[in-house]
Amino acid sequence: MKITKITTVCCLALCFMACSSGNIKEKINIFKTTQRGTTQPRNIKKPMDNAYSLLNGKDYPKVENNFGQEVPYLQPVNDTKNQDFFETYDEKKASQFFKNLKIEGYGSNSMYWRWKTSISKTSLFQKIAQRIPQISARGRKNVFVLTNGVWLNNQKISDVGSVKDIKVLSRGASGVITHLLVETSKGSYLITKEYNIRRLLATNGKVFGARGGSSDYSKTAIADGSPLLPSASLVFEIGMFSVDIYGGGFGHGSGMIQYGAGDLATNYGFSYKDILNHYYTNVNLVDMDTVAGVEQNIKVGLTKPNGSLEHGQIFITGGGKLRVYAEDESFDYTFDPNTEIRITPKAGRLYVKTKVKEFWTDKKFFVDGGGYYLLVKNLRKAHTSNPRYRGKIQFVPKGNVLHMISVVDMEDYLKQVVPSEMPRSFGVEALKVQAVAARTYAISDFLKGRYAALGFHVKDTTESQVYNNQVENEDANRAIEATRGEILVYQGVPIDAKYSSTSAGFTEAAHRIW
C-alpha cells in the first residue's frame, strides 16, 4: 500500500469562512414550524411523571427513578407528518403506530424506519431468563425485583426461573419502552432503559425493514444475528408458539437523527444550523477556542475489533521519516521513510525493533509520522486491515499488552470520524451537522475527563464516536472545514451532543433513555 503525504486542501471561500469568523458566538435561530415536524412544547414533565405508565401505584406499585436528570437541550422532537406524541397508556395505539408502514417523516427513507423480527416463544423466553441476571450484573440499578409489594433494585439476581409473560409498563413520549415487566416462576422483574430492553428481547435472528410509505417489509434481511434489537421503540405480539416484534428506528433515538438530518438538508432545504436547532433545544453555536480548558489536540484510545484496548505485538510504518521518542525525552530516534517498526509488549516493557536498531523501554513513547500517515499493519478496521492515522501514536506498556493512543488535531480527528458516522451520500450540508455534533461530543467528553485515568479523552468506538472505521472523503472534509471550530453550548457549556441513525418518527428525551 502506498503511504501518502498528508496534505490540506482548502478552497479560498472555505478558508475565508474559517479564518475570518473569529470567535463565533452566533445564536441559532429558533426553529418554529415546518411542512412537517415540530418540537414538543418546552413544559416537559419531570422524570417518571409521565402518564404513559402503569407504574402509578394503582395498576402496579410506583418505582424509584433510576434514570438521569432531565437534559434541557435533549427533548422529544416530532419528525412525522401527522402523528402525535404518546401521552397515555395505550398499547393499541403503540401497535398501530409501529406496524404502520405508511407513516412518513424526516428520515423515513431509512430501511430501519420500520422493522420486524420473529422468534419462537420458547426460545425468546429462555433467552430472557438467561439475560436478566446478566443485565443485573452489569448494573443492579437497572433491574428491579418486586419484594413485598415494593420494587427493589439492590439485589443480586442469579436464577429467575422460567418466564411466564412479558408486558410493557411504561414508555416515553416517543413510544420507546422505558420499563418492561417480566413475570417468571420465581417472581416479577422490571427491566429498565432502552439498551437493556434491546438486549433482553434480541432475537439474534433476521430483521426485515421498510421505508416510510412502503407496502411491505423487505424481502431480504437488513440485519441478522445481532445481540441487540435495532431500537426499543417497539411492540411485541405473543402467540401460542411464536413472538413477533414490530419496531422503528435504529439506535437510542435521542438528539440528532442522522437520516433526519440528511432528509432535511437534501429534500427540504434546511441549513445545517436549522437542523442543529431542530434536534437540540435552545443551544448556541460558538468557537471551541472560547471554551476554557479546551486544547487543539485530542487523544483517542485505539481498540481492537472486539473493543478491547489491550494490544499484543504491533507493526507500524509511515511514508516519511519516523520519529520514536519517549514522553520524558529519555530517548529520541529517527528512522528512514517506510521503516517497519515492531513493538512487542512483555512484562511491563516494550521491545522495539527495526532493521537497524533494537531496544526496550518501560516508558511511554510516541511514534510520529512527520506529517505523513502512520500505517498500523496488523490492526483491523471495517475498511482495511491496515488503518492509517494522522498525527502521532503513543504506546503505553501494560504488563504483557500495550495501549495505543492516537494524538491528533481536533479537525484531523473529525476527518476520520465524520465518514465513519455518516454516509457521504447524505451531502455536504448534512455532513456539516455531523461535523458540529461530533466536534461538540468530543469536546464534551474531553472536558468530562471520562477516560483520564487511561490517558486519553475518547475511544474509537461507539462508546464515544466511531473513529477511522471508514476512509476519508472530500465531502466530509469540506463540511469539517466549513464548520471549523464550531461547537454547540447550552448556557455556555458544551453539550453532550447525542445522535443516532434513525428514529421511528419521534426523538426521545435523554432522561427517558439513560
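The values are calculated or read from the model by the stated rules, or taken from the named source; none is laboratory data. From a predicted model like this one, the values you see are computed outputs, not experimental measurements. FYI the Cβ positions are ideal-geometry reconstructions off the backbone, even for glycines, and counts take in every protein chain you see.
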- Query: In the range 103-198, which strands (runs of 3 or more DSSP E) lie fully inside it and hold 1 or more residues that are modelled with pLDDT of 95 or more and either under 19 Å from residue 66 (Cα atoms) or touching a His at 6+ places or on another chain (Cβ under 7 Å) (or both)?
  - Reply: 143-147, 150-152, 163-171, 177-184, 187-192
- Hits in the range 338-389 - residues which are within 32 Å of the chain's Cα centre (by Cα), modelled with pLDDT of 95 or more and of a type in the set (Lys, Arg): 364
- Every residue from the range 196-222 that is closer than 25 Å to residue 125 by Cβ and free of Cβ contacts under 8 Å to residues at least 60 places away in the same chain: 197, 198, 221
- Message: So for the range 302-310 (the condition being among the small types (Gly, Ala, Ser), surrounded by fewer than 23 Cβ atoms within 10 Å (Cβ to Cβ), under 21 Å from the mean Cα position of the chain (by Cα) and farther than 19 Å from residue 508 by Cα), does at least one residue qualify?
- Response: yes
- Task: Can you give me the number of residues within the range 253-293 that are over 12 Å from residue 488 (Cα atoms), among the aliphatic types (A, V, I, L, M) and either in contact with a Leu (Cβ under 6 Å, 6 or more places away or on another chain) or crowded, with 18+ Cβ neighbours inside 10 Å (or both)?
- Result: 6
- Query: For the range 354-402, which residues satisfy the criterion of being closer than 16 Å to residue 467 by Cβ, part of a strand (DSSP E or B) and out of contact with any Lys or Arg (no Cβ under 9 Å at 6 or more places or on another chain)?
  - Reply: 381, 384, 388, 389, 393
- Message: Just to be sure I understand, how many residues within the range 441-460 are surrounded by fewer than 20 Cβ atoms within 10 Å (Cβ to Cβ) and closer than 26 Å to residue 430 by Cβ?
- Response: 0
- Task: Note down all Cβ pairs under 9 Å where the first residue falls in the range 135-150 and is in contact (Cβ under 8 Å) with a residue 40 or more places away in the chain and surrounded by 12 or more Cβ atoms within 10 Å (Cβ to Cβ), the second is of a type in the set (Lys, Arg) and assigned to a helix (DSSP H, G or I), and they're at least six residues apart or on different chains.
- Result: 135/199
- Odd one out for residue 439 among (1) out of contact with any strand residue (DSSP E or B) (no Cβ under 6 Å at 6 or more places or on another chain); (2) of a type in the set (Lys, Arg); (3) assigned to a helix (DSSP H, G or I): (1)
- Is there a residue being surrounded by fewer than 24 Cβ atoms within 10 Å (Cβ to Cβ), among the acidic types (Asp, Glu) and over 16 Å from the mean Cα position of the chain (by Cα) anywhere in the range 487-503? no
